[in-house]
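None of the figures in this text is laboratory data; all of them are computed from the coordinates on show. Keep in mind that this is a model prediction, so the values were computed, not measured. Here the Cβ positions follow ideal geometry from the backbone for every residue, glycine too, while neighbour counts run over all protein chains shown.
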Protein chains: 2
Amino acid sequence: MSKPTPISGFPEWTPAQQMIEQSVLDRIRTTFELYGFAPLETRSVEPLDQLLRKGETSKEVYLLRRLQSDDDGGPAGDDALGLHFDLTVPFARYVVENAGRLQFPFRRYQIQKVWRGERPQEGRYREFLQADIDIVDRDTLPAHYEAEMPLVIGDALRSLPIPPVRIQVNNRKICEGFYRGIGLTDTEAALRAVDKLDKIGPAKVAELLAETAGASEAQAKACLALAEISAPDTSFADAVRALGVSDPLLDEGLAELTAVVQTAAAHAPGLCVADLRIARGLDYYTGTVYETQMIGYERFGSICSGGRYDNLASSGNVRFPGVGISIGVTRMLGLLFGAGALTVSRDVPTCVLVAVTAEEQRSASDVVAAALRSRGIATEVSPSAVKFGKQIRYAERRGIPYVWFPGADGDEVKDIRSGEQVAAVAGQWTPPAADRTPVVGRARTGA
Amino acid sequence: MSKPTPISGFPEWTPAQQMIEQSVLDRIRTTFELYGFAPLETRSVEPLDQLLRKGETSKEVYLLRRLQSDDDGGPAGDDALGLHFDLTVPFARYVVENAGRLQFPFRRYQIQKVWRGERPQEGRYREFLQADIDIVDRDTLPAHYEAEMPLVIGDALRSLPIPPVRIQVNNRKICEGFYRGIGLTDTEAALRAVDKLDKIGPAKVAELLAETAGASEAQAKACLALAEISAPDTSFADAVRALGVSDPLLDEGLAELTAVVQTAAAHAPGLCVADLRIARGLDYYTGTVYETQMIGYERFGSICSGGRYDNLASSGNVRFPGVGISIGVTRMLGLLFGAGALTVSRDVPTCVLVAVTAEEQRSASDVVAAALRSRGIATEVSPSAVKFGKQIRYAERRGIPYVWFPGADGDEVKDIRSGEQVAAVAGQWTPPAADRTPVVGRARTGA
């Protein structure tokens with residue numbers, strides 16, 4: 001086999017990083033389930049027309065083709081399959097397909113890989129893991145679910161050994177109502193222009209607003225003034241009203257965003273900030289939108305985004321409005337791994353290595369291991385009956401804290417960090433709670 | 001949106017089935033970790049030449065193509081990417097690529113989707129989930145790991161609410177040595193012919209042995225006599241020796257298989273049976289091979305297979321021999337779901353629904369929910385402040401066992417199955433252990 005090399009955009013972790021990711025996923029899942037979200041997976045593929053139905057994503061889709069298929073590899077037909085590029089579009093499709101069998105409102109979480117054929121760069125991958133929650137209802141969806149999303153995400157992220165986060169919230173109705181209120185008709189073009197604020201700056205956004213949304217200088221200035229508004233409390237609404245624009249949709253958006261910010265302030269002070277520049281690229285959002293920054297990693301952009309969508313799923317006359325948010329797990333971990341910010345106490349789940357005295361006695365070591373495992377203690381048996389010093393080094397190299405020595409006159413167990421060795425019985429001995437499973441934490445960094 | 005329809009071969013579960021799958025995966029993982037296997041994931045894609053290196057699988061591979069890529073969709077080039085069709089080939093590649101950073105022997109588990117462009121049929125999917133364990137060492141791999149595999153799988157499957165299983169073991173060296181001992185030179189062709197025994201029967205296998213392996217009538221008869229041998233203990237070796245064939249490789253295989261059967265008999269009586277017809281299609285196996293049948297579902301074939309491979313991974317002069325086994329999770333669950341054999345006590349993780357007295361009081365219900373969640377009790381807040389009867393029906397339809405009523409004079413909680421309602425404090429009340437999380441079990445079937 002010639003030496004294989006990594007494929008750009010398709011990350012693979014080291015065993016230690018994988019242990020950290022597994023722990024992170026377990027904690028995220030635990031929080032999602034505490035809030036009553038049920039697990040769901042959808043197939044990895046969708047019909048191409050389904051994938052292209054929403055958003056400007058056509059260039060990002062990976063198509064599938066069977067190596068020995070009959071088709072000629074020409075242009076993709078209607079029945080072509082592509083890998084999903086997010087979990088929201090497949091979820092909306094699942095809801096419509098199974099509407100008759102689901103209980104509404106339907107709360108689900110979904111942790112799966114997604115694929116995008118983008119040019120890879122730091123924090124951007126072609127294959128990556130997302131952890132989504134969504135709530136979808138039939139016909140109408142109460143606005144209080146838009147306030148619940150940040151609380152779930154706040155709890156989930158607070159359970160992780162990552163820097164604190166700030167969730168920025170906005171409401172599409174505010175932008176749309178405001179743009180309409182100042183006389184702009186192509187509100188979508190205006191939204192797309194303002195969405196580029198962080199990338200190209202206010203002067204270029206003003207140009208873009210003039211070019212693509214037909215904005216006058218005064219209108220562009222008003223759009224930028226709106227985008228400047230940011231507050232950790234409901235004062236953002238006063239700041240918007242001070243701009244002197246009035247529109248019914250704007251009022252609706254202000255009331256909804258006020259409720260989201262109030263709920264967050266009551267249940268998770270400091271978590272959310274109203275930030276009226278948040279627009280989100282995807283065109284299916286219709287209400288609250290969310291982005292999330294890790295403090296100290298702001299320049300890398302959002303690690304958790306989402307929003308309310310009223311028109312993504314429908315079947316005949318029935319609509320299924322929803323709200324959802326997605327943790328970019330690979331993106332978040334890739335940034336933190338790159339910064340050396342996360343640690344794990346050992347590379348393997350193993351807590352005890354049972355030594356083998358002689359190869360003929362392996363069965364005795366197997367019996368010890370079985371007794372420890374039956375009480376939930378992760379245990380390996382030594383690969384060979386070499387000198388004990390070498391068997392201990394096997395444990396050391398992996399960070400396994402204990403080595404067990406079966407003996408004719410009774411067993412002993414050694415904490416190889418302290419060197420302390422004591423008599424022990426496999427049916428009774430228990431490691432300290434801190435050693436039972438690997439501990440994932442934040443690396444200590446200088447000052 | 002036009003009504004979407006399922007895609008053949010790409011299964012999706014109902015929410016209840018998904019809860020069952022999640023529970024099954026958790027239990028499998030727990031057992032793997034108790035044996036010291038560390039989690040690993042590899043990217044979903046491999047270079048096409050890597051995928052085609054082993055086994056007759058070219059027709060099963062899905063190639064990726066970017067929708068807007070520059071290539072013309074013509075024949076796949078050297079750098080074409082395909083979705084992996086198993087987890088063994090990617091794992092071998094990962095080991096070679098990261099050999100300098102890994103500790104050997106390297107024990108890992110890997111639970112991921114794989115894809116095969118096969119014609120879908122019952123129990124055969126195009127996208128399915130596998131749960132693998134493998135142990136890979138550098139240069140040499142002790143044979144005792146071949147005996148460990150069935151013990152891990154036995155424990156993992158015993159932890160599941162599935163029918164009991166029987167693991168059938170054989171050793172490629174027995175077949176190869178025996179075929180050589182009776183004078184056949186193309187032992188691989190002989191193996192492939194015998195592998196079809198269950199499908200086409202002994203008479204056709206004998207014809208195939210004559211045609212493809214050049215076997216005489218006596219040689220074909222001897223091959224079939226070997227394949228007939230099956231025993232739950234080491235007596236299989238006597239039965240082989242009684243056929244009067246001698247070969248050094250045959251002796252080696254008999255000794256190795258005897259050790260596997262002995263270890264299994266000592267630690268997990270009744271789990272393993274030596275069955276010399278087990279061949280496994282893949283050509284990379286070189287020692288012990290495994291297949292697993294669920295009792296009562298034998299006609300659907302193996303749900304867990306694997307074996308030892310000495311030549312799958314190498315780098316320059318260094319070889320990385322390994323042994324592994326793979327639970328076909330989707331296949332196993334698909335069969336059991338089809339038979340209605342599995343149940344779950346509720347469709348959601350939620351243990352408590354907190355009622356909302358009036359929409360203005362939602363915040364009080366949120367506080368109760370947060371207190372319950374902080375003590376690990378999965379809790380939802382009612383979607384709306386409709387009449388309590390309707391809120392209780394929301395819980396009933398999902399199987400949520402408790403409804404909580406916040407009150408000005410103190411809260412009460414109702415077990416909606418018994419109707420019993422008692423005073424309760426959110427910071428103290430605890431549900432019975434059996435209600436805390438959904439219970440997955442086997443359906444009771446007639447007689």
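Dividing the alpha-carbon Rg of chain B by 2.2 N^0.38 Å yields what? All intermediate terms of the calculation are to be shown ahead of the outcome.
On the way: Rg = 27.1 Å, N = 447, 2.2 N^0.38 = 22.4 Å.
Output field value: 1.21.
How much FRET efficiency would the formula 1/(1 + (r/R0)^6) give for A:ARG101 and A:ASP409, where r is the Cβ-Cβ distance and R0 is 51 Å, rounded to 0.05? Could the numbers behind the result be given before it?
On the way: r = 63 Å, r/R0 = 1.24.
My answer for the efficiency is 0.20.
Within 10 Å of the Cβ of each residue in B:4-13, the mean number of Cβ atoms contributed by other protein chains is 5. Quote the charge dipole size of the stretch A:136-294 about the Cα centre in Debye, to the nearest 20; the model charges only the Cβ of Lys and Arg (+1) and of Asp and Glu (-1). With only Lys, Arg, Asp and Glu charged at Cβ, the dipole is about 360 debye.
Please give the FRET efficiency for A:SER230 paired with A:GLN428, using the beta carbon to beta carbon distance and R0 = 41 Å, rounded to the nearest 0.05.
On the way: r = 59 Å, r/R0 = 1.44.
According to the calculation, E is roughly 0.10.
Computed across the stretch A:352-425, the Kirkwood hydrodynamic radius from all distinct Cα-Cα pairs reaches 12.1 Å. Considering only B:LEU87, B:ILE153, B:GLY376, the residue lying farthest towards the positive end of the dipole of chain B is B:GLY376, judged by Cα position with unit charges set on Cβ. Shown in residue order for the stretch B:416-432 are the 3J(HN,Hα) couplings computed by the Karplus curve 6.51 cos²θ - 1.76 cosθ + 1.60 at θ = phi - 60°: 6, 7, 8, x, 5, 10, 10, 5, 7, 10, 4, x, 10, 4, 9, x, x Hz (x for Gly and Pro).
Between 0 and 90 degrees, the angle of helix B:248-267 with respect to the longest Cα principal axis of chain B falls at about 30 degrees.
Binning the alpha carbon pair distances of the protein assembly as shown at 10 angstrom intervals from zero yields the distribution 2, 11, 19, 23, 20, 13, 7, 3, 1, 0, 0, expressed in whole percent.
Give me the inter-chain shielding for B:22-31: mean count of other chain Cβ atoms within 10 Å, whole number please. Working shown, then result.
Numbers: counts 6, 1, 0, 1, 2, 0, 0, 3, 3, 1.
Mean partner-chain Cβ count within 10 Å for B:22-31: 2.
Based on the Cβ-Cβ distance of A:LYS390 and B:ALA218, what FRET efficiency does E = 1/(1 + (r/R0)^6) give at R0 = 45 Å, to the nearest 0.05?
Values: r = 51 Å, r/R0 = 1.14.
Calculated transfer efficiency: 0.30.
Across the identical copies, the label point of B:ARG417 (7 Å from Cα in the Cβ direction) is separated from its matches by 4.3 nm, in order from shortest. Charged side chains reduced to their Cβ positions (Lys and Arg at +1, Asp and Glu at -1) give the stretch B:281-370 a dipole of some 320 debye around its Cα centre.
If packing is taken as the average count of other Cβ atoms within 10 Å, what order do B:89-96, B:374-381 fall into, highest mean first?
Highest mean packing first, the order is B:89-96, B:374-381.
Here the stretch A:352-425 is assigned +1 on the Cβ of each Lys and Arg and -1 on the Cβ of each Asp and Glu. Its dipole about the Cα centre then comes out at about 340 debye. In chain B, the longest principal axis of the Cα atoms and the axis of helix B:15-34 are about 60 degrees apart. Candidates A:VAL136, A:THR343, A:GLY36 compared by Cα position along the dipole of the stretch A:15-343: farthest toward the positive end lies A:THR343, with charges placed on Cβ.
Look at the alpha carbon pairs under 8 Å that are at least 6 residues apart: their mean separation over the length of chain A gives a relative contact order of 16 percent. Within straight-line reach of A:LYS196, meaning a Cα separation under 30 Å, sit the following lysines at least 8 residues removed in sequence or on another chain: A:LYS54, A:LYS59, A:LYS113, A:LYS173, A:LYS204, A:LYS221. With helices as the sole contributors, the protein assembly as shown gives -11000 deg cm²/dmol at 222 nm; each DSSP H run of n ≥ 4 counts as -39500 (n - 2.57), and the sum is divided by every residue. Taking the Cα centre of chain A as the origin and placing charges on Cβ (Lys, Arg +1; Asp, Glu -1), which of A:LEU197, A:GLY419, A:VAL260 is farthest toward the positive end of the dipole? Checking the options against the dipole of chain A, the answer is A:GLY419.
Which angle between 0 and 90 degrees, to the nearest 10, do you get for helix B:172-181 versus the longest principal axis of chain B when only C-alpha atoms count? The two axes meet at around 20 degrees.
In this structure the amide hydrogen of A:CYS304, modeled in the peptide plane, comes within under 5 Å of the amide hydrogens of A:THR292, A:GLY328, none closer than 5 places in sequence on its chain. Here the Karplus relation 6.51 cos²θ - 1.76 cosθ + 1.60, evaluated at θ = phi - 60°, turns the backbone of the stretch A:309-321 into coupling constants of 10, 9, 10, 7, 10, 7, 8, x, 8, 8, 9, 10, x Hz, with x for every Gly and Pro.
Counting Cβ atoms of other protein chains within 10 Å of each residue's Cβ and taking the mean over peptide A:40-47 gives 6.
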